[in-house]
1. Tell me, what is the percent relative contact order of the range 56-165, built from C-alpha pairs under 8 Å that lie six or more residues apart?
2. So for the chain, averaging the separation of alpha carbon pairs under 8 Å that are six or more residues apart and normalising by length, what relative contact order in percent results?
3. Need one number: the % of Cα-Cα pairs in the chain sitting beyond the 23 Å mark.
4. Stretch residue 87-residue 120 to full length: gain in nm at 0.36 nm per residue minus the Cα-Cα span?
5. Work out the P(r) tail for the range 1-114: percent of alpha carbon pairs separated by more than 24 Å, whole number.
6. Quick one: if the Förster radius is 22 Å, what FRET efficiency do residue 148 and residue 175 give, using the C-beta to C-beta distance and rounding to 0.05?
7. State the extension gain, in nm to one decimal, for the chain segment bounded by residue 3 and residue 71, taking 0.36 nm per residue of separation less the distance between their alpha-carbons.
8. Could you tell me the ratio Rg/Rh of the range 53-92? Both radii from Cα atoms, Rh via Kirkwood.
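Values quoted throughout were computed directly from the atomic coordinates according to the rules given, and no laboratory measurement underlies them. Computed from a prediction, not measured in an experiment: that's the story for all the values here. Methodologically, a virtual Cβ is constructed for each residue, glycine included, from the backbone with ideal geometry; neighbour enumeration extends over all protein chains shown.
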């Protein structure tokens with residue numbers, strides 16, 4: 001059976017933690033297709049510091065290049081506006097009706113699953129891959145699988161704050177992503193560390 005992994009997120013910016021998650025999930029599931037899907041706007045997140053979509057797309061492409069696997073999908077970007085995971089994954093399901101579909105989430109999203117649009121319908125055709133970063137998630141739900149990775153204290157919010165204060169980010173993002181952020185003057189500074 002064909003296996004498809006979808007890793008969605010704002011990726012604002014994509015960072016070394018995202019790269020590690022992708023690598024670990026890819027190794028554990030060994031999918032036929034691994035899709036990175038930047039969101040246009042998440043219904044459950046604030047959007048105060050969201051940079052232009054094209055910059056987020058370019059940074060995801062850089063990480064795909066680093067990893068040596070993955071395909072960029074722009075379903076949610078092209079839809080524009082608020083987008084629901086259910087609609088996006090239903091479209092992928094219709095493209096590949098016989099595939100096993102996995103959707104990667106963190107423990108923060110796992111704790112909010114009951115707030116997701118059409119969550120019961122979504123669980124009927126998607127397996128959620130909950131990535132544990134230090135904490136352990138246990139579930140008896142057949143629609144949930146867990147993968148544990150080493151805890152990494154990295155957040156996109158912290159990266160944006162560090163750049164706005166002209167602090168280094170080289171330990172938090174892949175080198176080519178750091179160069180892109182600096183070259184484009186993203187997150188408040190174009191001053192080289």
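1. Computed value for the range 56-165: 18 percent relative contact order.
2. 24 percent
3. 42 percent
4. Extending this stretch completely gives an extra 10.6 nm.
5. When all Cα pairs of the range 1-114 are counted, 21 percent exceed 24 Å.
6. 0.25
7. The span from residue 3 to residue 71 would gain 23.1 nm if fully extended.
8. 1.03
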